[in-house]
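The values are calculated or read from the model by the stated rules, or taken from the named source; none is laboratory data. In this text the structure is predicted, and so the values were computed from the model without any measurement. Reconstructed Cβ throughout: ideal geometry from the backbone, glycine too, with neighbour counts over all protein chains shown. All accessible areas refer to the heavy atoms of the entire protein, side chains included, with ligands and DNA or RNA removed. Shrake-Rupley method; radii C 1.70, N 1.55, O 1.52, S 1.80 Å.
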Amino acid sequence: MSSTFPFPRLKRMFIYASVSASLALPTSAWADDAKELLKKMSDFLAAQKAISFTYQSSLEAVTPDFEKLQFVSSGTANLTRPDKLRVTRTGGFADVDVSFDGSSLTVHGKNLDAYAKIDGKGSLDDLIDRMMTAGVEAPGADLLSSDVYDVLMTDVTEAKHISSAFVDGVECDYLAFRTPEIDWQIWIQAGSQPIPRRYVITSKHIVQAPQYTLEISDFKSGADVAAASYSIEIPAGAKTVDLSELQSLDELPAPADTGEVK
């Protein structure tokens, strides 16, 4: 029988796995530096009264047959503090436009030709919590809060500044954090504008450790942010539903279909 490995890329992955097993990561002396860099990013974001960016997100799911699938979406985000947000997301299972204009939240499921509208004032933090409770989470919601540092550092037991890295050709500081339930990593642009460029969350106690990945590009702040409308134009034929009825807004297909996706 030939000793040639039938899948060169798989062979390379096995080699990488064996190398990573003995990888010497930075010592705990780096921990304070990682927290300091994260706090710098948090303070920078909180100081921006207006923010816009485009993004691509991917969410992994594991089927009952232990097949790992990756669902990819992309979209835009516009934020004006203290109380305005507009987010779009388009993927294989959802086409969503979400807006909060300071007095009401509108969620338009374009793929469903339906929308929900909720009246109520509040801060962006209040809005994000309300959206998460309703199952309509903004992409990278953790990065949109008024105090990103406190949100992200909840339950963190270990912090590392791994290395310098490049995302889309931009030099970044690569940080890794651990909690009892998840591990997460973030790549923060080096220099005077500590912008989050890449954010990865790993569910380490779920089989095959599925990940959520958010990649941010075309980040703008302040006067560089183009004027955005926080009012969604709803088509005349769209039906009004309760927010809880918009169950197809997720990046994933319905659970009953997950194992049958081809």
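What the table shows:
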quantity: Single residue of the stretch 101-124 satisfying the filter (in contact with a Gly (Cβ under 9 Å, 6 or more places away or on another chain) and assigned to a strand (DSSP E or B)) that is surrounded by the fewest Cβ atoms within 10 Å (Cβ to Cβ); calculated: Ser104
quantity: Where a residue in the stretch 236-253 is over 13 Å from Thr106 (Cβ atoms) and open to solvent by less than 30 Å² (accessible area, probe 1.4 Å) and its partner, wherever it lies, is outside any loop (DSSP other than H, G, I, E, B) and modelled with pLDDT under 80, with Cβ under 9 Å and at least six apart; calculated: Pro253/Glu260
quantity: Search result, residues across the stretch 28-61 that are assigned to a strand (DSSP E or B), open to solvent by less than 70 Å² (accessible area, probe 1.4 Å) and either within 18 Å of Leu124 (Cα to Cα) or out of contact with any helix residue (DSSP H, G or I) (no Cβ under 9 Å at 6 or more places or on another chain) (or both); calculated: Ala50, Ile51, Ser52, Phe53, Thr54, Tyr55, Ser57, Ser58, Leu59, Glu60
quantity: Residues (of a type in the set (Asp, Glu), more than 17 Å from the chain's Cα centre (by Cα) and open to solvent by less than 60 Å² (accessible area, probe 1.4 Å)) located in the stretch 146-187; calculated: Asp173
quantity: Failed item in (1) in contact with a strand residue (DSSP E or B) (Cβ under 6 Å, 6 or more places away or on another chain); (2) open to solvent by 40 Å² or more (accessible area, probe 1.4 Å), with Leu143 passing the rest; calculated: (2)
quantity: Residue that is surrounded by the most Cβ atoms within 10 Å (Cβ to Cβ) [pool: residues in the stretch 73-91 that are within 23 Å of Pro210 (Cα to Cα) and in contact (Cβ under 8 Å) with a residue 60 or more places away in the chain]; calculated: Arg89
quantity: The lone exception for Pro82 - which of (1) of a type outside the set (D, E, K, R); (2) closer than 16 Å to Ser229 by Cα; (3) assigned to a strand (DSSP E or B) it fails; calculated: (3)
